[in-house]
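Undergrad: Below you'll find the structure I mean.
Laboratory data are not the source of any read-out in this text; all were calculated from the coordinates shown. These numbers come from a predicted model, not from an experiment. Reconstructed Cβ throughout: ideal geometry from the backbone, glycine too, with neighbour counts over all protein chains shown.
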Amino acid sequence: MPSTNATTLPEPHAKSARRAEPHAEPLDLAISRAAEALLAKQAPEGFWCGELQGDSILESEYLLLMWILGEESHPDLPAITNYLRRLQNADGGWSLFPGGPPDISGTVKAYFALKLMGDDPNAPHMQAARRVCLELGGAAAVNSFSKFYLAALGQVSYDQCPSIPPEIVFLPKWFYFNLYNVSAWTRTMILPLSYVVTNRPVRKLPDAMDIAELFLPGTRDRTISDGAPLIPRSWKQFFLSVDRFLKRYDKSPIEPLRERAWAKAQEWLLHRMDNSEGLGAIFPPMVYMLIVMRLVWKWPADHPRVVKAHQELRDFYIREGDTIRLQPCLSPVWDTGIAMHALAETGLTEESRGAKIATRWLLDKECTVASDWQKNCSPTHPGGWFFEFVNPHYPDVDDTAMVAMSLTRLGGPGADPACRRAVNWLLAMQNSDGGWAAFDRTTDRPILEQIPFADHNAMQDPSCPDITGRTLECLGHRGFRASEPLVQRAIKFIQTRQYDDGSWFGRWGVNYVYGTWQVLAGLAAVNEDMSKPYIRRAAAWLKSVQKPDGSWGESCATYENPSLKGKGESTASQTAWGVMGLLAANGPTDPAVQRGVRWLIDHQAADGAWDEAPFTGTGFPKVFYLKYHLYRHYFPLMALGRYRRLCEQV
């Protein structure tokens, strides 16, 4: 349990003891306990990997997948069903994050999965779920990626799903829409779905398992292009008209062209599954590929690739009691990079065993494959790191920046060549607007957001302030300074994305506290003048949303309602971000920093980490959120270590 006694901090100019004995200062003791606990979580191979928790769609979609494949008798499914039931809200719905409002897509899929697994539709929890579904518009109101599941199980026609012709593999780079102008995750999802929506496999269910009761009258037989005018007056209407044409084309395609498209699409997909933990190494495309392999390509259940694909999804399992929950992917490179960065702040050295085995493990994960990312940037040698254990086709800027920064601090001379390659790769990935995106060098194309299957709210992967801030922080550790032209371009991008109140949006973390911290930390690392007005506005905003007790907290609801920015249940990770943001802007003498540090010390749990219930990670804003279970540990440790280090420099 957290301590209930407020802590008196040492004066910022006082040197803190390096070893936390029983009589040591509370700050030193908190850092020592947290560092020891974090090192204890390191795997013998050298990595850290905490649980990555998502919402109910992981369990419901997995159950629906197994029914689509005809494997509903698998012995793991009852335990997954148990966990799905426990995620139901008191109002009957299922939410995108704990405490959030019910989500129509998540609620429909959960109800359907539970009904398939034998739950009585007249049971109170099912009646409550059905009531929520109908209040939210019924099953016809689910997003396009949910409709694929409903169509594959015969609940709606594939005419309700967006058309995705396989011929998209032939679209050239100069064409406004092509595979390399959309985000990497969209790319890996839509190509397997082109097989599904074009070939239209259907598992026919008994009438008793039908979910007609979830549809409002007259909505079940609609098509996606119903209501689209003959003369489009918006890009959305234009794409719906295109979809109507594509559905006609699918009935009588140019056969030689289609056969070539199927062959090229299969080659594309299988190549990106080779030497990987599945297509994209993330849950959605891995699920879609199983449907393609079994129901479209007609591969048998014992085909080596099918067996491997099933096992890769089961690797996401977390068994606990009579339940199994699923993760959307695994996060070892990300967790290891941040853990090392945090430990570097505590004074851990490159000679320590923890640093040595982590360095060796990370160097072994360096990306050496020139894959999708090379399509949009100038020729450069592969470098950088991906997020998961094995995903060589998709290194990303965020992981690369974090790992290169950590190895610069703790990797020793042997890590320097890999860090140089990583920096060269990062520089090649800088967008023309001066910022950085996650997986590709891209140009913002807002028209693409109007495509019918863009309702996962992440059709693109444009530059964002938080990744740009982290990249600047990495470059600062590698000796880059604010006066250099490429850094100036990044700073100008950051300035154009600042809100009037001084904050920045957080694309990959919740939300404005995350974005503002990342930017301020990056600016400080490249020695930007922190007295500039735009930085003072940012620091003032962070102070304005700090709670009287010194903490910060912000909800996922801020993505839907920006008026809630900076508001929410206090969390250790967000308090750490707030502290580090103000440390970058104001230094350790700021009373707001000291209040935040005091809150972290006073709320440290008995295990050396911190307790944290809310989700503070972001997958797709407004659509999918995450709880990184190690955020509650290494970010507070990083903040406390950084505070002590900066105090010693005053």
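Undergrad: Output wanted: per-residue J couplings in Hz (rounded whole) for region 603-619, from phi through Karplus 6.51 cos²θ - 1.76 cosθ + 1.60, θ = phi - 60°, x for Gly and Pro.
TA: 9, 5, 7, 5, 7, x, 9, 9, 7, 7, 8, x, 7, 10, x, 10, x
Undergrad: Further, regarding this structure: Count the net charge of all other residues whose Cβ sits under 13 Å from the Cβ of residue 450, scoring Lys and Arg as +1 and Asp and Glu as -1.
TA: So the surrounding residues net to 0.
Undergrad: Got the relative contact order for region 310-407 handy, in percent, Cα pairs under 8 Å and 6 or more residues apart?
TA: 31
Undergrad: Could you list which residues have their amide H under 5 Å from that of residue 509, counting only those 5 or more apart in sequence or on another chain, with H placed in the peptide plane?
TA: The answer is 618.
Undergrad: Could you tell me how far the Cα centroid of region 66-106 sits from the Cα centroid of region 140-183, in Å?
TA: 24
Undergrad: Taking the highest mean first, how do the peptides 486-497, 418-429 order by number of other beta carbon atoms within 10 angstrom per residue?
TA: In decreasing order of mean packing, 486-497, 418-429 become 418-429, 486-497.
Undergrad: How high is the relative contact order of region 55-326, in percent, counting Cα pairs under 8 Å that sit 6 or more residues apart? Intermediate results must be reported in sequence, preceding the final value.
TA: Details: 329 pairs, mean separation 59.4, N = 272.
Over region 55-326, the number comes to 22 percent.
Undergrad: Would you calculate the separation in nanometres between label points at residue 432 and residue 174, each defined as 7 Å from the Cα along the Cα-to-beta-carbon direction?
TA: 1.5
Undergrad: Using only alpha carbon pairs under 8 Å that are at least six residues apart, calculate the relative contact order of the chain and give it in whole percent. Show your work: numbers first, answer last.
TA: Working: 1217 pairs, mean separation 112.5, N = 650.
RCO, the chain: 17 percent.
Undergrad: Another question, then. Per residue of region 380-391, what does 6.51 cos²θ - 1.76 cosθ + 1.60 with θ = phi - 60° give for ³J(HN,Hα)? Whole Hz please, x for Gly and Pro, Karplus curve as stated.
TA: Each residue of region 380-391 in turn: 8, 6, x, x, x, 9, 9, 8, 9, 5, 9, 7 Hz.
Undergrad: Based solely on its DSSP helices, what 222 nm [θ] is calculated for the chain when runs of n ≥ 4 H residues each add -39,500 (n - 2.57) and the sum is averaged over all residues, nearest 500 deg cm²/dmol?
TA: Mean residue ellipticity, 222 nm, calculated: -14500 deg cm²/dmol.
Undergrad: Another one. Given (i) 32.4; (ii) 55.3; (iii) 29.1 as candidate values of mean projected area of the Cα convex hull in nm², which corresponds to the one derived from the coordinates?
TA: Entry (iii).
Undergrad: Between region 470-549 and region 605-650, what is the C-alpha centre distance in whole Å?
TA: Measuring centre to centre over Cα atoms gives 18 Å.
Undergrad: Just grab the label-to-label distance for residue 233 and residue 484, each label 7 Å out from Cα along the Cβ direction, in nm (one decimal).
TA: 5.2
Undergrad: Still on this model: Report the residues of region 41-83 in range of a label on residue 123: point 7 Å along Cα→C-beta, backbone N strictly under 11 Å from it.
TA: Answer for region 41-83: 81-83.
Undergrad: Show me the ranking of peptides 523-532, 315-324, 347-356 by mean Cβ neighbours inside 10 Å, starting with the highest.
TA: Result, highest mean first: 523-532, 347-356, 315-324.
Undergrad: Each residue of region 506-517 in turn: what ³J(HN,Hα) in whole Hz from Karplus with 6.51, -1.76, 1.60 and θ = phi - 60°, glycine and Pro shown as x?
TA: x, 6, 10, x, 8, 10, 6, 5, 4, x, 5, 4
Undergrad: Compute the long axis of helix 124-135 from its Cα atoms, compare it with the longest principal axis of the Cα atoms of the chain, and write down the angle in degrees, 0 to 90, nearest 10.
TA: Orientation of helix 124-135: about 80 degrees from the principal axis.
Undergrad: Helix 235-251: angle to the longest alpha-carbon principal axis of the chain, degrees 0 to 90, nearest 10?
TA: Between helix and principal axis, roughly 50 degrees.
Undergrad: Still on this structure, I have one more. To test your reading of the geometry: what angle, between 0 and 90 degrees and rounded to tens, separates the Cα axis of helix 631-649 from the longest principal axis of the chain?
TA: Computed tilt is about 30 degrees.
Undergrad: Could you tell me the center-to-center distance, by alpha carbons, between region 265-288 and region 391-443 in angstrom?
TA: Going from one Cα centre to the other spans 23 Å.
Undergrad: Would you please put 153-166, 50-63 in order of how densely packed they are, using the mean number of other Cβ atoms within 10 angstrom per residue and starting with the highest?
TA: 50-63, 153-166
Undergrad: Moving on. Modelled label-to-label distance, residue 592 and residue 267, 7 Å Cα→beta-carbon offset: nm?
TA: With each label point 7 Å from Cα toward Cβ, the separation is 5.7 nm.
Undergrad: Mind listing the long-range amide H neighbours of residue 604? Cut-off is under 5 Å, sequence gap 5 or more, other chains count too, H placed in the peptide plane at 1.01 Å from N.
TA: 3
Undergrad: Under a Cβ-Cβ cut-off of 10 Å, what is the net charge of the residues other than residue 566 that fall near it, where Lys and Arg count +1 and Asp and Glu count -1?
TA: Values: positive: 547, 565, 567; negative: 501, 554.
Neighbourhood net charge equals +1.
Undergrad: For residue 106, what is the net charge nearby, where nearby means another residue's Cβ is under 12 Å from its Cβ and Lys, Arg count +1, Asp, Glu -1?
TA: Result for the neighbourhood of residue 106: -3.
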